[in-house]
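Take a look at this one; I'll ask things after.
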Number of protein chains: 4
Amino acid sequence: MIINGGSSSGKTGIVRCLQAVLEEPWLAFGIDDFVEAMPAAMEGSAGGLEIGPDGEVSAGPAFRELEAAWMAGIIAMCRAGARVIIDDVFLSGAGSQQRWRDVIGDVETLWVGVHCPPEVVTGRELARGDRVPGMAAKQAFIVHEGVTYDVEVDSANAESIDCARIIAAHLK
Amino acid sequence: MIINGGSSSGKTGIVRCLQAVLEEPWLAFGIDDFVEAMPAAMEGSAGGLEIGPDGEVSAGPAFRELEAAWMAGIIAMCRAGARVIIDDVFLSGAGSQQRWRDVIGDVETLWVGVHCPPEVVTGRELARGDRVPGMAAKQAFIVHEGVTYDVEVDSANAESIDCARIIAAHLK
Amino acid sequence: MIINGGSSSGKTGIVRCLQAVLEEPWLAFGIDDFVEAMPAAMEGSAGGLEIGPDGEVSAGPAFRELEAAWMAGIIAMCRAGARVIIDDVFLSGAGSQQRWRDVIGDVETLWVGVHCPPEVVTGRELARGDRVPGMAAKQAFIVHEGVTYDVEVDSANAESIDCARIIAAHLK
Amino acid sequence: MIINGGSSSGKTGIVRCLQAVLEEPWLAFGIDDFVEAMPAAMEGSAGGLEIGPDGEVSAGPAFRELEAAWMAGIIAMCRAGARVIIDDVFLSGAGSQQRWRDVIGDVETLWVGVHCPPEVVTGRELARGDRVPGMAAKQAFIVHEGVTYDVEVDSANAESIDCARIIAAHLK
């Protein structure tokens, strides 16, 4: 299952609720875990991950190369029998989805979109207090551009647990 | 300003938004900071802070004694000129409010209540993933019993930033 | 590269230093990341991961099954071109090493042992403040039983950065 | 008790060990808690707290004003009967000590210095991975300039628990 949504759209909370409501054990990995696994020096470096003063994120070639290996490894966990929930931020919209499709092959995948309008994510970004202001609003629409989903939820008007129940219902 | 609400009612997010929307700098301290400041051995000990398997919290005499000194110190910061936002969980409802009143004296105080029904906080507790399940629902109503407020917000039906704006408007 | 050592032996600090001193970018994944990826309900459950009152850790069949898929996925990242540092706690000593060997195949691996005596890890466990007391001492020797290494460091008598430099020198 | 030392000198670990070895319950507060309590916008702002690209820290007048109120409040907790361990970074050396003396009055105080040479704290800063590189080395000596202590420990050559025992012995 791949869950896509912008920063502060509530993906992490939805994933935790999904892990609680689904009967089988599902592992959860996110793009944030990948960033955490990188050398600290790759954050803020050309080639690595750069976050601009207004929250725009740009990923360089060294980032993309390692990320491709990470994606292949996560899908390998699925092939090895694990149920996996991936949460990602499709900075390139349809292009990001295609990158996943290239490694997924025939692994069965539920595509989930988490929508939340800019004005709401901006407030939630402030409430979290640990994010660069502006990032959330910038990503609210672009991450969904050209992406196709099996199920879409609106986290501005539904609690995480309710989004999780809607998503879980599509798994059966 | 003293903000009271049960676990997972969204107090921390509201406080961060308040700090961002208020023009003057306000310091934020919460009962969680006090618990963090205690020796680790006082958590889970008789006399200290005990959290039962279903999330019921009970505070013993050693906890209460240190907490009283902490409360006096926080109010002393106000007397020394700092603007302070305190977030607390009034486990004894009106009794907890009285304990604050005993140390507040003539320090000007805005009393704020954050309401959120049990079914909503239960879901948010699950989404946070780091709390003992059941605690949030148990506290949803009891923390407000007999407490009087200057302003009350409903965090189930308003975003943190909107709650913060409502509260900020009452400061002027 | 697979780094094995007991709880509080300083593996995480050594890994961060390694990422800083190594010229090429290396991804770092640890058994703690796997535990974090599991549903919260699998911690403390039969079949999952149980931590006893004295810090003894036991992993059940559901844990082991998912972990095997995780291990296969991490090694798949290596095959896909990523340099990876894995930090693990070999609760079964030589048996744990064999489980890695089963998935590693012909992927080049540097085996690293981090030694730290029980009396030192017990103090460091206390200083960290977020671990079940007793776990560190229990694991200090057993994780190394029957395990063979390419390089071994003593984190009681060398700083993390010095351990990292010793390990890095063995990569060339 | 006031513990002074530069960034990454190991104060936090020593404080946790102190709380564990001391018989009476002691509350622990640090300058990091104060920074955490400030509005996020005061970090990185003129007047607030600025951290330069090489790790130099400068505190502006708005920071100093709020900090003075915080210091007064912490000492008020002592007057109200709490035993308190304060950990601070004396950026102005003797000047910082004098600022504490101004609010301490007749409250009994044990002054503790934690020494750790630049080359060691630089490595530990790297191992922590969440600090601006360079800050630790810059502070290693300046925080002790002109400061007088009741007890001094060397965290480069002693574990946190051993430093804690040395300090605890001076309380009696």
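Since every read-out is calculated from the coordinates, none of them should be taken as a lab result. Please read all numbers here as calculations on a predicted model, not as lab measurements. Note that we place each Cβ from the backbone using ideal geometry, even for glycine, and neighbour counts take in every protein chain shown.
Out of the range D:142-160, which residues are more than 26 Å from residue D:75 (Cα to Cα) and either among the small types (Gly, Ala, Ser) or in contact (Cβ under 8 Å) with a residue 60 or more places away in the chain (or both)?
Result: D:155, D:156, D:158.
I've got another one for you. Which one of A:14, A:3 is closer than 20 Å to residue A:150 by Cα, more than 9 Å from every other protein chain (Cβ to nearest Cβ) and either surrounded by 24 or more Cβ atoms within 10 Å (Cβ to Cβ) or touching a Gly at 6+ places or on another chain (Cβ under 9 Å) (or both)?
It is A:3.
Does residue D:134 satisfy the criteria of being without any contact (Cβ under 8 Å) to a residue 12 or more places away in the chain and within 14 Å of another protein chain (Cβ to nearest Cβ)?
no
Would you check which residues across the range A:102-121 are touching a Gly at 6+ places or on another chain (Cβ under 9 Å) and in contact (Cβ under 8 Å) with a residue 40 or more places away in the chain and list them?
Listed by number, the residues that qualify are A:112, A:113, A:114, A:115, A:116, A:121.
Residue check: is residue B:139 touching a residue at least 60 places away in the same chain (Cβ under 8 Å), over 25 Å from residue D:38 (Cα atoms) and within 14 Å of the chain's Cα centre (by Cα)?
The answer is yes for residue B:139.
Same structure, new question: Would the range A:69-79 turn up any residue that is more than 7 Å from every other protein chain (Cβ to nearest Cβ), of a type in the set (A, V, I, L, M, F, W, C), at negative phi and touching a Leu at 6+ places or on another chain (Cβ under 7 Å)?
no
Right, here's the next one. Please go through the range A:78-108 and pick out each residue that is touching a strand residue (DSSP E or B) at 6+ places or on another chain (Cβ under 6 Å) and either among the hydroxyl-bearing types (Ser, Thr, Tyr) or under 17 Å from residue A:12 (Cβ atoms) (or both).
A:84, A:85, A:86, A:87, A:88, A:90
So, one more: Of everything in the range B:25-39 that's more than 7 Å from chain D (Cβ to nearest Cβ) and assigned to a helix (DSSP H, G or I), which residue is nearest to the chain's Cα centre (by Cα)?
B:31
Considering the range A:54-97 alone, what residues qualify as being assigned to a loop (DSSP other than H, G, I, E, B), in contact (Cβ under 8 Å) with a residue 24 or more places away in the chain and within 23 Å of residue A:140 (Cβ to Cβ)?
A:54, A:55, A:56, A:89, A:90, A:91, A:93
While we're on this one: On the given criteria, is residue B:112 within 14 Å of another protein chain (Cβ to nearest Cβ) and among the β-branched types (Val, Ile, Thr)?
no
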